[in-house]
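One structure below.
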């Protein structure tokens, strides 16, 4: 086992030093390091406790760690989504010690990557249905904190959705919401662009990335939900108007599940 991995284990055991937070399960020069970390992550609706078991191969960090995730507060599908997103993030950090960075990222973005909303309605109906396939339509609901350069920001969103063949709505008001419909691959690419490209300006007038976006929902398009045929921008002046817009496209349940609580 590399010195890098052993040093990282030492650092992690020092950081996660409370009772049961860090447990070394296996240490073998010929094989690998296996350890468990238990953390409580704030998701906006309370804390969610996660148990992560990391398995570091001998050539880590050149090779990605394996990881399993469990939680009494999340469904199996939510845990699988967290794991997949964690591995995707790990691939961006290849060749450098990454476990602590992954844990920090998870603590910041858990609600987004897992679509963790402890509710029994919209998401529950989706998760109790058939599993998604690659060709299935997906839908995402995004919340933007603000737009300073509104015209440019709006045109950028319209450009991306056109290039990625996504349909949906951009609701310009308070709150600022984006509905996306299309392939899951295209939605993932849109989210990557939204987080990595400088799309707005900060308070000093300098170009900046979108750091405050929240993914309120990302699920296969439920049966019975209307498939939007175009991407349109709507100026919204009231809560009642926003509610009406969701209702007009057959997404009132989505509004009730994720938007109404924002006011």
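The values are calculated or read from the model by the stated rules, or taken from the named source; none is laboratory data. Fair warning: this is a prediction, and the values are worked out from it, not measured in the lab. Here the Cβ positions follow ideal geometry from the backbone for every residue, glycine too, while neighbour counts run over all protein chains shown.
At-a-glance table
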{"quantity": "Number of the exception - residue 105 against (1) surrounded by 18 or more Cβ atoms within 10 Å (Cβ to Cβ); (2) modelled with pLDDT under 85; (3) under 30 Å from residue 13 (Cβ atoms)", "calculated": "(2)"}
{"quantity": "Test: residue in region 155-162 that is in contact with a helix residue (DSSP H, G or I) (Cβ under 7 Å, 6 or more places away or on another chain), at pLDDT 90 or above and exposed (fewer than 14 other Cβ atoms within 10 Å of the Cβ)", "calculated": "no"}
{"quantity": "Test: residue in region 46-61 that is farther than 21 Å from residue 218 by Cβ, at pLDDT 90 or above and within 18 Å of the chain's Cα centre (by Cα)", "calculated": "yes"}
{"quantity": "Strands (runs of 3 or more DSSP E) wholly inside region 151-263 containing at least 1 residues that are in contact (Cβ under 8 Å) with a residue 24 or more places away in the chain and touching a strand residue (DSSP E or B) at 6+ places or on another chain (Cβ under 9 Å)", "calculated": "167-172, 176-183, 198-201, 214-220, 231-235"}
{"quantity": "One residue from 94, 36 being outside any helix (DSSP H, G or I), over 23 Å from residue 218 (Cβ atoms) and modelled with pLDDT under 90", "calculated": "94"}
